[in-house]
Amino acid sequence: MFDGFVNPALAAGVALASVPLIIHLLNRQRYKPMPWAAMRFVQAAYKKTRRRANLENLLLLLLRMLAVALLALVVARPFLGDQSPLAQLAQARRDLVLVLDTSASTGYRDGVRSVHEAMLERARELLLELDGGRDDRVRLIAAGASPRLLSWRRPEEALSLLNSLAGPDDEPLDLALALGEVARLAEEDAAQQGASTLEIRLLTDLQRGSFEAPPAGAEAGAVAGANVGAQRAPAVVEQLDRLAALELKVWVEDLGPAEPTPPNLSISALEPLGEVLGGGTLEVAVEVRNHGLTSKSGVRVWLTLDEDQRLPFRTLDVPARGSARAVFSANFASAGPHVLRARIDADRLAVDDTRVRIVDVPATARVLLVNGDSAAEVERDEVGYLHSVLDPLGGDEVLGAGGIPPFTARTVAPHELSGGEVDLSEFDVVLLANVDALSAPLAEKLEQWTAAGGALVFTLGRQVEPTAFNLRLHKPDGTGLAPLELLSRTQIARRDGYFRVRSFEAAHPALAFFADERWKPLLTESPTYEFFQSRPDPNARVLAQFDDDAASALLVEKRYDRGKVFVWTTSIDAEWSRIAESPNTFVPLVHEWLRYAARSERPARNVDVGAPLIAQVRVFPRNATLLAPDDTRRAVEGEPRNEGPGVWSVSMLDGSQRAGLYRLTFDGAPDEPFAVGLDPRESDLDRLSVNELSGLHRALVATRDAPSGDDAPAPAQGEVWRLLAWLCLSALCLETLWAAWVGRTRRLV
């Protein structure tokens with residue numbers, strides 16, 4: 001009779017209909033018959049009315065049993081399919097899944113209203129068509145980088161929640177995730193009712209990049225919108241296949257602009273041209289991309305430094321579907337984070353007309369040089385060349401207006417370090433050059449300092465004894481301070497040849513200078529005559545190797561808690577290697593290597609929309625507050641996390657929901673700025689045509705009005721609980737009236 005139940009377990013309550021019968025049978029056995037003389041007159045009268053009384057009692061019992069059975073069915077909520085002979089008695093109910101594209105591209109203003117506003121208006125129209133009185137249900141999903149289920153019950157609830165979508169998110173649309181959420185709901189519905197009859201509506205601007213995979217090798221934002229044919233995104237197709245397996249379709253309503261490729265200009269990149277070293281002037285490039293089909297001339301570009309230094313604007317001619325770059329000269333006068341803000345004249349999509357970037361100017365790296373083999377002459381001193389390269393004028397050099405010296409250096413003897421005369425907290429890098437065996441207290445002191453974030457560098461020489469080095473600094477399980485185990489010395493007579501660098505990690509910051517083919521021979525052709533063979537730990541990273549038969553390590557790095565440890569397996573002076581005698585090799589090697597060593601690992605300041613904001617500060621962060629791009633403030637929840645001596649981190653996992661400049665503010669500490677950037681692909685508004693959409697998958701159907709005809713969604717399986725409730729009420733009323741009439745007639749008799 002029924003195709004199923006919404007609450008199938010409660011259908012077992014129909015068995016309760018037997019309760020009135022059981023009560024009747026039990027009452028019949030309650031009294032034991034006792035014959036007495038006058039009873040024969042009662043029995044004579046009863047025989048005349050017995051048949052009528054039995055019929056009345058039976059009808060009363062059936063009405064009571066029917067009322068109980070109908071009440072159980074009402075609670076179980078049975079439904080009928082459209083093929084049921086009783087389908088006309090069922091109450092038709094719509095079960096709508098409404099997916100709203102809330103990506104940044106829907107902020108495009110087409111006339112007096114934006115695409116997002118048009119979507120909200122259309123969503124209200126669809127929701128007003130539903131009737132909560134007949135149990136219509138709606139699941140309202142806001143689809144951006146991740147889907148958010150806003151409502152899952154009555155249309156009235158969804159209508160009220162539409163007001164929370166005041167504007168689009170600054171996120172791309174991940175259509176695969178949105179359809180995956182819809183497919184999950186449909187599969188749950190099918191498991192409950194035997195088949196899913198969800199009506200799925202997607203309101204979107206049909207941005208091509210949301211439906212198609214970008215061509216292989218395409219740069220983000222460059223050709224993602226080019227008409228290259230149907231590049232089906234595998235993840236989207238997989239979710240559509242799940243829906244098609246349930247015989248469901250996705251009705252896609254195009255509410256985007258009228259043009260197939262709407263005109264739009266965006267700032268796609270804001271980058272310093274080179275690394276900011278020592279402050280001073282640096283060139284900054286602003287890339288403007290034209291996503292339209294016509295070229296744009298006289299496009300004005302502005303760049304602001306630290307919100308108060310506005311540089312003279314530049315004008316660009318940007319070709320159709322191409323880009324142009326404006327270059328500015330910005331002066332970074334101090335160390336620390338600096339805010340760059342680039343903008344162009346506002347157009348119909350305003351969110352991509354501004355881009356922010358944080359540029360960190362490194363502070364002066366403080367280097368402690370521990371000289372294990374000092375000499376009066378600089379050229380024979382173990383760290384003589386090194387000190388002169390790092391700090392040639394003892395920190396008194398003038399680098400121009402606002403210049404910041406890259407290094408300051410101090411040279412001490414090993415006994416000064418061991419005797420506690422040096423405060424390690426005043427330095428970022430400690431370099432031990434050809435230092436013999438370390439004492440146990442000094443080794444422990446260096447371990448603690450390195451674990452807290454310091455950079456420790458060992459360069460070797462004839463003063464180093466492998467057994468003592470390994471005893472204090474190395475552990476077989478890799479937990480020791482040293483990243484390798486020293487073995488024996490290897491040497492070659494200078495008249496017989498020399499060792500060279502056979503390979504090195506060109507992508508590593510310490511050696512990236514030599515990745516250029518012009519400068520590579522400066523490192524690979526420098527002679528080395530003696531070094532220590534070694535066995536690097538499994539958790540260490542070999543950055544450079546010699547060309548000997550064993551491919552011995554020259555430079556090895558290991559992370560030690562929050563710090564770094566390096567070992568240079570030859571000497572840093574001219575005794576074992578001629579690298580120090582070649583300024584073209586030695587200067588860039590030392591500068592790049594020690595600059596990388598001194599750079600502490602900090603959370604990223606330039607992140608994408610939706611990424612967490614994490615700040616590390618040197619004071620305890622009291623009253624942490626997040627200042628958003630729209631100048632709203634909210635307190636940072638959660639306790640600060642101690643990352644080591646004098647370092648705390650504060651996290652905002654859901655802070656970056658809008659593109660722009662954010663600031664984390666604290667009591668007694670400078671602000672921590674963050675630049676949250678828009679995905680460049682959101683600026684390409686190239687749209688799918690209706691034919692292209694239909695060709696992507698059989699489950700996608702383009703529509704603007706209510707679907708009808710053969711392609712219309714199958715009607716929902718109708719529930720009959722209201723009809724059953726009326727029947728139950730009628731049965732109870734009839735039982736009451738019948739019981740009253742029977743009682744009255746029997747009293748009269």
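None of the figures in this text is laboratory data; all of them are computed from the coordinates on show. Since we're looking at a predicted model, the values are computed, not measured. Here the Cβ positions follow ideal geometry from the backbone for every residue, glycine too, while neighbour counts run over all protein chains shown.
Placing unit charges on the Cβ atoms of the charged side chains and taking the dipole of the chain about its Cα centre, the candidate lying farthest along the positive direction among LEU293, SER488, LEU63 is LEU63. Summed over all non-identical Cα pairs, the Kirkwood treatment of the range 278-362 gives a radius of 13.7 Å. Which of the listed residues, LEU246, ALA540, ALA53, is farthest toward the dipole's positive end in the chain, when Lys, Arg count +1 and Asp, Glu count -1 at the beta-carbon? My answer, from the dipole projection, is ALA53.
Within the range 606-677, antiparallel bridges make up roughly 90 percent of the DSSP beta bridges whose residues both belong there.
With both residues required to sit in the chain, DSSP beta bridges show an antiparallel share near 65%. Taken about its Cα centre, the chain carries a charge dipole of about 5940 debye when Lys and Arg each add +1 at the Cβ and Asp and Glu each add -1 at the Cβ.
Straightening the chain between LEU61 and ASP548 buys 165.0 nm, computed as 0.36 nm per residue apart minus the Cα-Cα spacing.
Sorting the segments 586-592, 494-500 by their mean number of nearby beta carbons within 10 angstrom, highest to lowest, gives 586-592, 494-500.
Near ALA413: Cβ cut-off under 11 Å, other residues only, Lys/Arg at +1 and Asp/Glu at -1. The net charge is -4. Peptides 351-359, 531-539 ranked from most to least packed by the mean count of surrounding Cβ atoms within 10 Å: 351-359, 531-539. If I take R0 = 22 Å and measure r between the Cβ atoms of ALA53 and CYS733 in this structure, what FRET efficiency does the formula 1/(1 + (r/R0)^6) give, to the nearest 0.05? For R0 = 22 Å, the calculated efficiency reads 0.45.
Peptides 56-65, 246-255, 453-462, 678-687 ordered by packing proxy, namely the average of other Cβ atoms within 10 Å per residue, highest first: 678-687, 453-462, 246-255, 56-65.
Candidates PHE211, LEU162, LEU653 compared by Cα position along the dipole of the chain: farthest toward the positive end lies LEU162, with charges placed on Cβ. Listed options for semi-axes √(5λ) of the Cα gyration tensor in Å are (i) 41, 35, 28; (ii) 78, 36, 24; (iii) 38, 30, 28. The value calculated from this structure is the one marked (ii). The GLU156 and SER295 beta-carbon pair, evaluated with R₀ = 51 Å, returns a calculated FRET efficiency of approximately 0.50.
In a shell of Cβ-Cβ distance under 12 Å around ARG113, excluding ARG113 itself, what net charge do Lys and Arg (+1) and Asp and Glu (-1) give? Taking every Cβ under 12 Å from that of ARG113, the sum is 0. Axis angle, to the nearest 10 degrees, between helix 175-193 and the longest C-alpha principal axis of the chain: 30 degrees.
Note on the range 550-691: Cα-only Rg and Dmax are 22.4, 75 Å. What the Cα convex hull of the range 606-677 gives, in volume per residue, is 77 Å³.
For the chain, the longest principal axis of the alpha carbon atoms and the long axis of helix 39-76 meet at an angle near 20°. For ILE358, neighbours were defined as the other residues whose beta-carbon sits under 15 Å from its Cβ, and their charges (Lys and Arg +1, Asp and Glu -1) total -2. The charge dipole of the range 121-202, taken about its Cα centre with unit charges on the Cβ of Lys, Arg, Asp and Glu (plus for the first two, minus for the last two), comes to roughly 120 debye.
Full extension of the chain segment joining ARG494 with ARG541 gains 14.0 nm, where the gain is 0.36 nm per residue of separation less the Cα-Cα distance. For ALA350 and VAL75, a Förster radius of 56 Å and the Cβ-Cβ distance give a FRET efficiency of 0.55, rounded to the nearest 0.05. Taking label positions 7 Å along the Cα-Cβ direction at both ALA245 and ALA12, the computed distance is 3.1 nm, reported to one decimal. Whole-Hz Karplus values for the range 289-296 come out as 10, 9, 9, x, 9, 10, 6, 10 Hz, taken residue by residue from phi with 6.51 cos²θ - 1.76 cosθ + 1.60 and θ = phi - 60°; glycine and proline positions read x. Over the chain, DSSP H runs of length four or greater, each weighted -39,500 (n - 2.57), average out per residue to a 222 nm ellipticity of -8000 deg cm²/dmol.
The charge dipole of the range 278-362, taken about the Cα centre with unit charges on the Cβ atoms of Lys, Arg (+1) and Asp, Glu (-1), comes to about 300 debye, rounded to the nearest 20. Here each label is just a point 7 Å from Cα along the line to Cβ, and for ARG562 and GLU643 those points are 0.7 nm apart.
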